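Below: the structure, in structure tokens.
The values are calculated or read from the model by the stated rules, or taken from the named source; none is laboratory data. All figures in this text were calculated on a predicted structure; none of them were measured in a lab. As a convention, Cβ positions derive from the backbone with ideal geometry for all residues, glycine included, and neighbour counts pool all protein chains shown. Quick note on the areas: whole protein, heavy atoms, side chains included, nothing else; ligands and nucleic acids left out. Shrake-Rupley method; radii C 1.70, N 1.55, O 1.52, S 1.80 Å.
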Amino acid sequence: MARLIFGDRIGKEATLKVGSAAVIFDATQTRVLLTQRTDNGRWCLPGGGVEPGESAAEACAREVWEETGLQVEIGKLIGIYTNPHMITEYADGNRFQFMSFCFEAKISGGEAGLSDETTAYGYFSHEEMEKIDVMEHHRIRIADAFVGQAAAFVR
């Protein structure tokens with residue numbers, strides 16, 4: 001199970017890893033696609049680690065495909081996120097401080113479905129997200145996406 005651990009500069013106790021995530025709005029631009037994780041049951045944006053030999057945008061599109069079955073076109077960069085006071089610890093003992101790129105993406109094909117990493121998916125408004133267990137660091141990215149500014153956030 002993946003869990004978040006918070007502490008003063010706890011990132012020093014982890015390996016730095018690059019990640020990428022997608023904010024996919026519905027047609028009304030009022031709801032965002034979230035997936036429920038298999039490993040901890042929490043809700044999050046589709047995304048994951050960047051693999052050697054791919055760009056952050058390519059990783060984002062690949063992760064969305066793997067987790068949801070949807071093909072996406074990557075749009076603007078919403079922000080770059082890194083928090084030296086938070087790490088993710090996995091069941092195998094690996095600990096990572098992520099530096100994540102968050103992109104806005106639009107669906108271009110495929111069919112929404114589940115994967116071995118997801119148990120559910122759906123579109124949620126701000127109000128609906130308040131009633132479900134959304135990962136804390138993804139809440140910040142989602143809020144930034146709703147701002148809709150042209151310049152990327154650096155957090």
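Sort out which residues of segment 31-46 are touching an Asp or Glu at 6+ places or on another chain (Cβ under 7 Å) and open to solvent by less than 20 Å² (accessible area, probe 1.4 Å), and write them in order of number.
T35, P46
Could you check segment 56-86 and list, in sequence order, the residues that are of a type in the set (K, R) and farther than 23 Å from Q149 by Cα?
The answer is R62, and nothing else.
Please note which strands (runs of 3 or more DSSP E) are completely contained in segment 1-51 and include at least 3 residues that are within 12 Å of the chain's Cα centre (by Cα).
Once the strands (runs of 3 or more DSSP E) in segment 1-51 are filtered for at least 3 residues that are within 12 Å of the chain's Cα centre (by Cα), what remains is 15-23, 32-37, 47-49.
May I ask you to say which residue of E51, E63, E67 is surrounded by fewer than 16 Cβ atoms within 10 Å (Cβ to Cβ), without any contact (Cβ under 8 Å) to a residue 60 or more places away in the chain and on the phi < 0 side of the Ramachandran plot?
That would be E51, the only listed residue that is surrounded by fewer than 16 Cβ atoms within 10 Å (Cβ to Cβ), without any contact (Cβ under 8 Å) to a residue 60 or more places away in the chain and on the phi < 0 side of the Ramachandran plot.
Collect the residues in segment 113-155 that are open to solvent by less than 60 Å² (accessible area, probe 1.4 Å), in a loop (DSSP other than H, G, I, E, B) and in contact (Cβ under 8 Å) with a residue 60 or more places away in the chain, keeping them in residue-number order.
Hits for segment 113-155 are S125, I132, M135, A152.
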